[in-house]
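Visitor: Provided herewith is a single structure, encoded as structure tokens, for subsequent inquiry.
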């Protein structure tokens, strides 16, 4: 997620220049230990690479990110991805777990994000 007023995201540039971020996040997926049938929120899903990995375990994944461009890329991977700010989520006890990788530091209202999660 990002502050749209100061940061623009390009899925193509992200894939070419910083794919290592999601690659390094693969062990975090292992910590999540996703189980078939679970509903997982991917907070700050970016281009959906890790969301798709989690879905591969048979989970129902919803990804959220503040970048419409990154959400579009995640949707192109088949992820149920939505544009949303971390501190303004409209979900109510819908998920078995929340996953996030390399996104929280972009969210400028940690108290609001924590309250929503």
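The values are calculated or read from the model by the stated rules, or taken from the named source; none is laboratory data. Remember, it's a predicted structure, so these values are computed and weren't measured experimentally. Please note: Cβ atoms are built from the backbone with ideal geometry, for glycine as well, and neighbour counts cover all protein chains shown.
Visitor: Name the single residue that is modelled with the highest pLDDT among those in the range 76-115 being in contact with a strand residue (DSSP E or B) (Cβ under 9 Å, 6 or more places away or on another chain) and assigned to a helix (DSSP H, G or I).
Guide: As a first pass, look at the range 76-115 and keep what is in contact with a strand residue (DSSP E or B) (Cβ under 9 Å, 6 or more places away or on another chain): 79-86, 89, 91, 94-101, 103-104, 107, 113.
Next, from what is left, pick out any that are assigned to a helix (DSSP H, G or I): 86, 104, 113.
On the way: 86: 88, 104: 74, 113: 80.
Across the range 76-115, the extreme among qualifying residues is 86.
Visitor: Let me ask something additional. Within the range 79-92, does at least one residue satisfy the condition of being surrounded by 20 or more Cβ atoms within 10 Å (Cβ to Cβ) and closer than 21 Å to residue 36 by Cα?
Guide: Yes, there is a match, as at least one residue in the range 79-92 is surrounded by 20 or more Cβ atoms within 10 Å (Cβ to Cβ) and closer than 21 Å to residue 36 by Cα.
Visitor: I'm trying to understand the selection: among the residues of the range 37-70, which are farther than 20 Å from residue 90 by Cβ, buried (at least 20 other Cβ atoms within 10 Å of the Cβ) and modelled with pLDDT of 95 or more?
Guide: 54, 55, 59
Visitor: Ok, one more. If you check residue 46 against the conditions, is it under 14 Å from the mean Cα position of the chain (by Cα) and assigned to a loop (DSSP other than H, G, I, E, B)? Spell out the reasoning first.
Guide: Details: under 14 Å from the mean Cα position of the chain (by Cα): yes; assigned to a loop (DSSP other than H, G, I, E, B): yes.
Criteria met by residue 46.
Visitor: Among all residue pairs at least 6 apart or on different chains, which show Cβ distances below 7 Å where the first residue, located in the range 86-101, is farther than 11 Å from residue 115 by Cα and the second is in a loop (DSSP other than H, G, I, E, B)?
Guide: 96/38; 97/38; 98/117; 100/44
Visitor: For the structure I just gave you, tell me whether residue 73 is buried (at least 23 other Cβ atoms within 10 Å of the Cβ), at negative phi, touching a residue at least 60 places away in the same chain (Cβ under 8 Å) and part of a helix (DSSP H, G or I). First the steps, then the outcome.
Guide: Numbers: buried (at least 23 other Cβ atoms within 10 Å of the Cβ): yes; at negative phi: yes; touching a residue at least 60 places away in the same chain (Cβ under 8 Å): yes; part of a helix (DSSP H, G or I): yes.
Against the criterion (buried (at least 23 other Cβ atoms within 10 Å of the Cβ), at negative phi, touching a residue at least 60 places away in the same chain (Cβ under 8 Å) and part of a helix (DSSP H, G or I)), residue 73 qualifies.
Visitor: Checking residue 2 against (1) at pLDDT below 65; (2) crowded, with 18+ Cβ neighbours inside 10 Å; (3) farther than 22 Å from residue 116 by Cβ, which single condition isn't satisfied?
Guide: (3)
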